[in-house]
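To start, the structure under review is shown below, and the notes come after it.
The numbers here are math on the coordinates, done by the rules we state, and not lab data. Quick caveat: nothing in here was measured; it's all calculated off a predicted structure. All Cβ positions, glycine included, derive from the backbone under ideal geometry; neighbour counts span all protein chains shown.
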């Protein structure tokens, strides 16, 4: 049993990240991340200031639920990070995530995240040529789900019955890139 409380929605990070859309959440083996405070989280990530404040002390799912988040220096640093840098997972959606959680609540945000995660799983399972998982994760974080579904539908209309996985991945990535371009969304991580 974990010695710290588990969150109800580990796919939503205490800091507001889309944990369920991260490539490490969809990795097999020891390096797989269970999500924020998910099973075995504490063995992999023994310390996190957001979890200490938000989950352990505040008994919240995410900082966006805290009435003091706008004055929080830790959140301010993270949002600044979101505007200027990326890491393995994209921090770009953080401000929108906070706004959505505040407007619609954590339950609705988690429900939508599960829909995105299910769509991402479909992309990984059926259209991944072995090099597309991170691209699909970033796309699912940054592009609205209805636009992603349309992109996949467009790609599928171009796939022949005998299309191999490389052709499926190529068509799917091209369709997603077209949607991203039309929305002026850059899917490349900033270094």
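Some points to look at:
- Treating r as the C-beta distance of residue 156 and residue 183 and R0 as 30 Å, the FRET efficiency rounds to 0.90.
- With the simple spin-label model, which puts each label point 7 Å out from Cα in the Cβ direction, the residue 24 to residue 131 separation comes to 2.5 nm.
- Restricting the calculation to Cα atoms, segment 76-160 shows an Rg/Rh of 1.02 when the hydrodynamic-style radius is the Kirkwood one.
- Which of 182, 132, 90 has the fewest Cβ neighbours within 10 Å, and the rest in rising order: 182, 132, 90
- Nearest-ten-degree value, helix 165-182 long axis tilted from longest Cα axis of the chain: 70
- Taking only the Cα atoms of the chain, the ratio Rg/Rh comes out at 0.99, with Rh defined as the Kirkwood radius.
- Cα-based helix-to-principal-axis angle, 106-127 vs the chain, degrees rounded to 10: 30
- Projected label distance in nm at residue 84 and residue 32, using a 7 Å step from Cα toward the beta-carbon: 3.7
- Segment 132-169-segment 35-101 distance, computed between alpha-carbon centres (Å): 29
- Sorted by Cβ density within 10 Å, fewest first, the residues 61, 71: 71, 61
- Förster radius 41 Å - calculated FRET efficiency between residue 164 and residue 76, Cβ distance, rounded to 0.05: 0.30
- Its Cα gyration tensor gives segment 38-117 an equivalent ellipsoid; the semi-axes, largest first and in whole Å, are 18, 17, 16.
- Annotation: the residues 81, 42, sorted from fewest to most other C-beta atoms within 10 Å of their own C-beta, follow the order 81, 42.
- With Cα atoms, 0 to 90° folded angle of helix 145-158 axis to the chain main axis: 20
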